[in-house]
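Colleague: Quick one: structure below, then a few questions.
The values are calculated or read from the model by the stated rules, or taken from the named source; none is laboratory data. Just so it is clear, the structure is predicted and the values come from calculations on it, not from any experiment. No Cβ is skipped: glycine too gets one built from the backbone with ideal geometry, and neighbour counts run over all protein chains shown.
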Amino acid sequence: MRNVLLAAVATATMMLPVVGQAAEKLVVYTSQPTQDAQTTVDAFMAANPDVEVEWVRDGTTKLMAKLRAEIAAGDPRPDVLLIADTVTLEGLKQEGQLQAYKSPEANAYEDALYDGEGYYYSTKLITTGIVYNTAVKAPKSWADLSDAALKNQIVMPSPLYSGAALIHLSTLTENKDLGWEYYQALAANDARAQGGNGGTFKAVASGEKPYGVVVDFLAIRGKAKGSPVDFVFPTEGVTYVTEPVAIMKEAKNVDAAHKFVDFVLSDAGQKLVLDMGYIPARNDMDLPEGFPARKDIKLMDFNPAIALEQADANKKKFADIFGAE
């Protein structure tokens, strides 16, 4: 009888929750800057104390290489991806590696900022516009950079190096008023296309090149810190990347993944984006200090599926025009 009682007690003890032990564990792969990722995870776990988050941070290219190796081995680890661009996630969607989720938070977002079937959702807007050194005349449009008077005065990130620059290239070449003729005009103007956004900003801030193509926050933050630069949202509109979130097809913790997606899209999650100094993707949010009103920022038309389909051809054509390798 005593042994039966002991066995019953042991069984009951194993069924009791361990104090401090999370009921669910969520694995997130993200390309957010480390501090931003930590802030996001901490806030999510504070709002969802029943979920423990393990996160892995690296650049999107390296994260995708890691994920591809895991998929090939039959053991993809992440439940959720929070990475740089929709083109990458569109590729995973087409390969059947993502699962759809219709978040109730989607109602607060423009249709262009999430996949209609629910495979991925934008969490912020990082736009690309024109940075210029305040020692020169301010441009107003993308077309201004093709003016022969600006020969050898323009610097921009290379789409062979920067994902944002590749999306920028796809957007502008699909625009009927710009197209590939625009890039040919930039090449004729001896525009320098090398490296990423950081190098572009430094070249303009130092006065090495008076005009540049760069992501918004680098120029706006630089100006706030005293750099002699200003940023223009061109009249034709801006191109953009959106740091979308998606759930893997083989996610092991789907309920927790749903909670994470809802959180980053929610008012609370988008306030984190605002506090980090980025434009929240949610359309009922304010913008960071130094940015214009949301209504004054025009987003150019962009199709992730087209950008994905034409990525290799666009890179080759760009390299042919600019003589890049």
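Colleague: Can you name every residue in region 201-230 that is within 25 Å of N314 (Cα to Cα) and out of contact with any Leu (no Cβ under 8 Å at 6 or more places or on another chain)?
Modeller: Correct list: G212, V214, V215, D216.
Colleague: Residue by residue through region 212-228, note down the ones that are buried (at least 24 other Cβ atoms within 10 Å of the Cβ) and in contact with a helix residue (DSSP H, G or I) (Cβ under 6 Å, 6 or more places away or on another chain).
Modeller: G212, V214, V215
Colleague: Having 2 or more residues that are touching a Ser or Thr at 6+ places or on another chain (Cβ under 7 Å), in contact (Cβ under 8 Å) with a residue 24 or more places away in the chain and among the β-branched types (V, I, T) is the bar; report the strands (runs of 3 or more DSSP E) wholly within region 219-325 that clear it.
Modeller: none
Colleague: Please go through (1) aliphatic (A, V, I, L, M); (2) modelled with pLDDT under 95; (3) within 20 Å of A246 (Cβ to Cβ); (4) surrounded by fewer than 13 Cβ atoms within 10 Å (Cβ to Cβ) for A72 and return the number of the only condition it doesn't satisfy.
Modeller: (2)
Colleague: Also: Looking at region 23-44 only, could you name the residues that are among the acidic types (D, E) and closer than 24 Å to A65 by Cα?
Modeller: Across region 23-44, the qualifying residue is only D36.
Colleague: Applying the selection to region 203-218, what residues are in a helix (DSSP H, G or I) and among the basic types (K, R)?
Modeller: Correct list: empty.
Colleague: I'm checking my understanding of the structure. Among residues of region 262-310 that are among the polar types (S, T, N, Q) and closer than 17 Å to Y121 by Cβ, which one is surrounded by the fewest Cβ atoms within 10 Å (Cβ to Cβ)?
Modeller: Going through the qualifying residues, I end up with N283.
Colleague: Return yes or no: is A84 over 15 Å from A305 (Cα atoms), surrounded by fewer than 22 Cβ atoms within 10 Å (Cβ to Cβ) and either more than 19 Å from the chain's Cα centre (by Cα) or among the small types (G, A, S) (or both)?
Modeller: It is false that A84 is over 15 Å from A305 (Cα atoms), surrounded by fewer than 22 Cβ atoms within 10 Å (Cβ to Cβ) and either more than 19 Å from the chain's Cα centre (by Cα) or among the small types (G, A, S) (or both).
Colleague: Of these, S141, S170, S122, which one is over 22 Å from Y278 (Cα atoms), under 19 Å from the mean Cα position of the chain (by Cα) and at pLDDT 95 or above?
Modeller: S170
Colleague: Name the residues in region 103-121 that are under 16 Å from D262 (Cβ atoms) and either touching a Cys at 6+ places or on another chain (Cβ under 7 Å) or in a helix (DSSP H, G or I) (or both), would you?
Modeller: Result: P104, E105, A106, N107, A108, L113.
Colleague: How many residues are surrounded by fewer than 24 Cβ atoms within 10 Å (Cβ to Cβ) and more than 17 Å from the chain's Cα centre (by Cα) when one looks only at region 232-261?
Modeller: 16
Colleague: Could you give me the residue pairs with C-beta distances under 7 Å whose first residue belongs to region 198-218 and is in contact (Cβ under 8 Å) with a residue 24 or more places away in the chain and within 14 Å of N133 (Cβ to Cβ), whose second residue is among the charged types (D, E, K, R) and part of a strand (DSSP E or B) wherever it lies, and which are 6+ apart or on separate chains?
Modeller: Every condition considered, the pairs that remain are K209/R192.
Colleague: Quick one: in region 28-59, of everything that is of a type in the set (D, E) and either assigned to a helix (DSSP H, G or I) or under 20 Å from N253 (Cβ atoms) (or both), which residue is farthest from the chain's Cα centre (by Cα)?
Modeller: Of everything passing the filter in region 28-59, D50 is farthest from the chain's Cα centre (by Cα).
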